[in-house]
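The values are calculated or read from the model by the stated rules, or taken from the named source; none is laboratory data. Just so it is clear, the structure is predicted and the values come from calculations on it, not from any experiment. Virtual Cβ from ideal backbone geometry, glycine too; neighbours counted across all protein chains shown. Please note that ligands, DNA and RNA were not included when accessible areas were found on the heavy atoms of the full protein model with its side chains. Shrake-Rupley method; radii C 1.70, N 1.55, O 1.52, S 1.80 Å.
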Amino acid sequence: MKDFKSQPLEKRKSDSKKVLKKFPTKVPIICYKDHNSVLPSLEKDKYLIPKSLKVLEFEQIIRKKISLGEKEALAFFVNEKLMPKKDSTMDEVYAQNKDEDGFLYIVYMEENISG
Amino acid sequence: MEKQKENFTEETNQEPQEETKKQKKGFMSMVMKSMGMGTKSPEVKYRVISYPELIDDKKTMKAYAAHIPWMTYREGFNSIDGYESDTGWGCMIRVAQMMLAFTLMKHFKYKMGPELNKTLLIQDLMKTILPLFLDNYVQYESPFSIKNIVAEGEKMINKGAGEWYGAHSISQVIKQVNDKYNSQHSTFKILTFNDGLIYKNEVDQVFTDIKENGCLIIVPLRLGLKKIDKCYYTQIKKALSHPLSAGILGGKSVYALYCIGYYNEKLITHDPHTEQETVEEVNDSTFPTFVNPHPKIISFSECDTTMAFCFFCNNQDEALSLYKTIESWESTEEDEYLICVKDQNEQVKYSYDEDNPEFDYDFELI
């Protein structure tokens, strides 16, 4: 998310520190659609999510938030790779993939089509 | 077209096959009936349609490609919303048809049992399956015609004639087409699974009702934002070389291809981007237009990120072996996982705690 990342690193660092301190059971993430995606955008891009939340649960929540039907294609990426195993916790994903600013960046995208 | 008679076993002296009859009553009985009319060449042994243990030479590769029906753009069919050709838009539909035709070949071969299989020729099996895909027959005559697929696609996801599909959307649509037009003969089921998760209970259910069911499992995935990371190559190869694999619906960017195997670190694919005239029936003169021993070879780095992994199980035992294999993929450390199996789909219960009074940042709490 360019807008979010345009804020100074020090500010982002202190933001993440603050929320981690205040909400020790949650992790801060930034979730947004890829700039090429035609899917609906999320209303907000900053989320605090329970550490114990499973990857699959998180994905289902976002699917619901952008009102995407169960049958439609939706894929999530962290650091250009697919999200880890669906039964990993978001805490694990956070620990392994968080940015230097203390946020975890998650991008979503639909399928590609061919003619 | 002599070279197209290549077979894994030996050249065959095939006699002209009686024309396949189309019946409005679903296709299963039609196919089984026409099986009995196949050529009688008891000296020719039929080899299993499954992935060769290793494709390490061009001859094996070509022979394997010739075993898998080749569907292409066709022109001159009865108008579908003004289109008499699918050139420029139908490639993913043709790719899905190839996968379905190959899968149905596996299905009917299994259902015929080992005795009939001894005398069965690959050409005859293909000739009995192909009428199910003819352009100009609709509904129950050719359940998987482009016309049926487009009609359902329009209803389901608003993708009519002229629209492009992806591996994910076409999977949903062919499942619907099968459910709709194959209801009378429900021994062939299609299941699609999102998010790379295969739910065992849904697959097992297919075999609970009727033991003789065949179950096509499709797992559409997007493997990257721009390109496929190298860490997935091994998993793709494992999926493709699995005995129950029915290939991958994939391709290059905006260019759909049916991936049928790999060779020398490259993917072997059938390419639908050739325009041929539509055919009214499958006979000795039109059959060669469905055979192509010259597959297109592409490198993993050229692959589009969206792929649908297809597996076909003839029975519960095969399904169990598929679970077991996929579970073993999961446990490998050096490569990233792609597909998982789970017992069942558990709907997530969650609640927002947006009302938390202490919360004073602009975060949304989940």
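The Kirkwood radius of region B:171-230, taken over pairs of alpha-carbon atoms, gives through the Stokes-Einstein law at 37 °C and 0.692 mPa s a diffusion coefficient of 254 µm² s⁻¹. For region A:2-110, the solvent-accessible area with a 1.4 angstrom probe is 49 square angstrom per residue. For region B:73-346, the fraction of 1.4 Å probe accessible surface lying on carbon and sulfur atoms is 47 percent. In order along region B:170-178, the phi-based Karplus estimate (6.51 cos²θ - 1.76 cosθ + 1.60, θ = phi - 60°) of 3J(HN,Hα) comes to 5, 4, 4, 6, 5, 4, 5, 4, 5 Hz; Gly and Pro are listed as x.
With all protein chains kept in place, the per residue accessible area of region B:251-311 amounts to 35 square angstrom at a probe of 1.4 angstrom. Give me the tail of P(r) for region B:73-346 as a percent: Cα-Cα pairs with distance above 23 Å. So the portion of pairs separated by more than 23 Å is 52 percent.
Evaluate the relative contact order of region A:2-110 (contact order divided by residue number), counting alpha-carbon pairs under 8 angstrom at least 6 apart; express in whole percent.
Numbers: 155 pairs, mean separation 39.4, N = 109.
With pairs under 8 Å counted, the relative contact order is 36 percent.
Charge tally around B:TYR199: other residues with Cβ under 11 Å, Lys/Arg +1 each, Asp/Glu -1 each, net -3.
The charge dipole of region B:73-346, taken about the Cα centre with unit charges on the Cβ atoms of Lys, Arg (+1) and Asp, Glu (-1), comes to about 300 debye, rounded to the nearest 20.
Using only side-chain charges placed at the Cβ, +1 for Lys and Arg and -1 for Asp and Glu, the dipole size of region A:35-115 relative to its Cα centre rounds to 240 debye. Accessible area buried by the pairing of A and B, both sides summed with a 1.4 Å probe, works out to roughly 4400 Å². Backbone amide hydrogens, once placed in the peptide plane, bring B:GLY166 within less than 5 Å of A:SER114, excluding anything fewer than 5 places away on its chain. With θ taken as phi - 60° and the Karplus curve 6.51 cos²θ - 1.76 cosθ + 1.60 applied, the whole-hertz 3J(HN,Hα) list for region A:91-101 is 5, 5, 4, 4, 4, 8, 10, 5, 6, 5, 7 Hz, x standing for glycine and proline.
Taking a sphere under 13 Å around the Cβ of B:PHE312 and counting the other residues whose Cβ falls inside, with K and R at +1 and D and E at -1, yields a net charge of +3. For B:LYS189, the residues whose amide H sits under 5 Å from its own are B:GLY214, B:CYS215, B:LEU216, ignoring neighbours fewer than 5 places away on the same chain, with H placed 1.01 Å from N.
Over all directions, the projected convex hull of the C-alpha atoms in region A:2-110 averages 6.6 nm² in area. Among the GluC sites (Glu not before Pro) within region A:1-107, those in coil by DSSP and having at most 14 neighbouring Cβ atoms inside 10 Å are A:GLU43, A:GLU70, A:GLU80, A:GLU100.
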